[in-house]
1. Could you give the size of the charge dipole of the chain about its Cα centre, using +1 on the Cβ of each K and R and -1 on the Cβ of each D and E, expressed in debye and rounded to the nearest 20?
2. Using the Kirkwood formula on the Cα atoms of the stretch 1-130, what hydrodynamic radius do you get, in angstrom to one decimal?
3. Please compute the modelled spin-label separation between Asp71 and His135, points set 7 Å along Cα→Cβ, answer in nm with one decimal.
4. Do you know the relative contact order of the chain, to the nearest whole percent, from alpha carbon pairs under 8 angstrom that are 6+ apart?
5. What ³J(HN,Hα) values, in whole Hz, does the Karplus curve 6.51 cos²θ - 1.76 cosθ + 1.60 give for the stretch 131-138 when θ = phi - 60°, with x put for Gly and Pro?
6. Order the following by accessible area, largest value first: Thr22, Thr239, Thr153, Thr57. Probe radius 1.4 Å; ligands, DNA and RNA are ignored.
7. Under 5 Å between amide H atoms, partner at least 5 residues away or on a different chain: which partners does Ser61 have, H built in plane at 1.01 Å?
8. What number, in percent, do you get for the relative contact order of the stretch 192-241 if the mean sequence gap of Cα pairs under 8 Å and at least 6 apart is divided by its residue count?
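The values are calculated or read from the model by the stated rules, or taken from the named source; none is laboratory data. Owing to the predicted nature of the structure, the values given are computational and were not obtained by experimental measurement. Don't worry about glycine lacking a Cβ; one is built from the backbone with ideal geometry, like all the others, and counts go over all protein chains shown. All accessible areas refer to the heavy atoms of the entire protein, side chains included, with ligands and DNA or RNA removed. Shrake-Rupley method; radii C 1.70, N 1.55, O 1.52, S 1.80 Å.
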Amino acid sequence: MGSTDSSNLPYIQSSPKIIFFTDFDGTITLKDSNDFLTDNLGYGQVKRKQGNEDVLTGKSSFRDSFREMLDSVKPGFAECIQILKENMKLDPYFEEFYNWAKENNVPIVVLSSGMVPIISGLFEELLGHKPDPKHLAIVANDVESRDGKDINTPGGWQIKYHDDSHFGHNKSLEIKPYAALPADKRPILLYAGDGVSDLSAAAETDLLFAKKGHDLIRFCEREGMPFTVFEDWSTILATTKDIYNGKVSVENVAKQGLEKVQAGEAGL
């Protein structure tokens, strides 16, 4: 593996012990914002679930299905953000994790299949301030005009994908340069997620926190990927603190995670 120039990597400039990568929708938030828009302002839950099924069975790509789903949402973009601000909630323990991470130089990197303006707007609303990008970075898709219209008019916006991958945003690309660092410069890399789009990213990190009751756990078990199960961010905070303080190793956490699944304690 070639050497990685660490001077170009923003998340290690403060020499952190840990970098925490995480999904956003359904992981940091209690509900998925894109599902909420589709179910309430787009073509509805039945069609959305059929689209998910088509992706799982290979009839459709995630990229095409997700675009079709968001294209069905008719209100202008600013109205969509406002509606989400009124209806989305953060996991009740995320803010405590966020504050601890800031105090202990643990950068948080949000890797999402959603759109940057929605995610940053929700953080600002739900945390009560705009997060410092040196502490909390957002890497996600964007929004653009549809057919030259104003994005804030009905039917005027569409998703602008981050890259050409099957998922529209290959989350692993952001992590790979950090995973490739030499041992003396490489922090511990952690990841939290709930869906299959988190798999490629989780494969690059030392430990995945997989949300209880979600299919991601089965994939990890099958692929032999190190993971532990979380119910909310209080679990993530307690475990990350223990790793940070050297009380436990990521290997031991992963071993215990697998034992919980095998004992039927993962909500599957």
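1. 200 debye
2. On the way: mean 1/r = 0.0597 Å⁻¹.
Result for the stretch 1-130 stands at 16.7 Å.
3. The two pseudo-label positions are separated by 4.1 nm.
4. Numbers: 444 pairs, mean separation 55.8, N = 268.
Answer for the chain is 21 percent.
5. x, 5, x, 6, 9, 10, 9, 10
6. On the way: Thr22 0, Thr239 25, Thr153 50, Thr57 85 Å².
Sorted descending by solvent-accessible area, the residues read Thr57, Thr153, Thr239, Thr22.
7. Answer set, sorted by chain and number: none.
8. Working: 55 pairs, mean separation 17.2, N = 50.
With pairs under 8 Å counted, the relative contact order is 34 percent.
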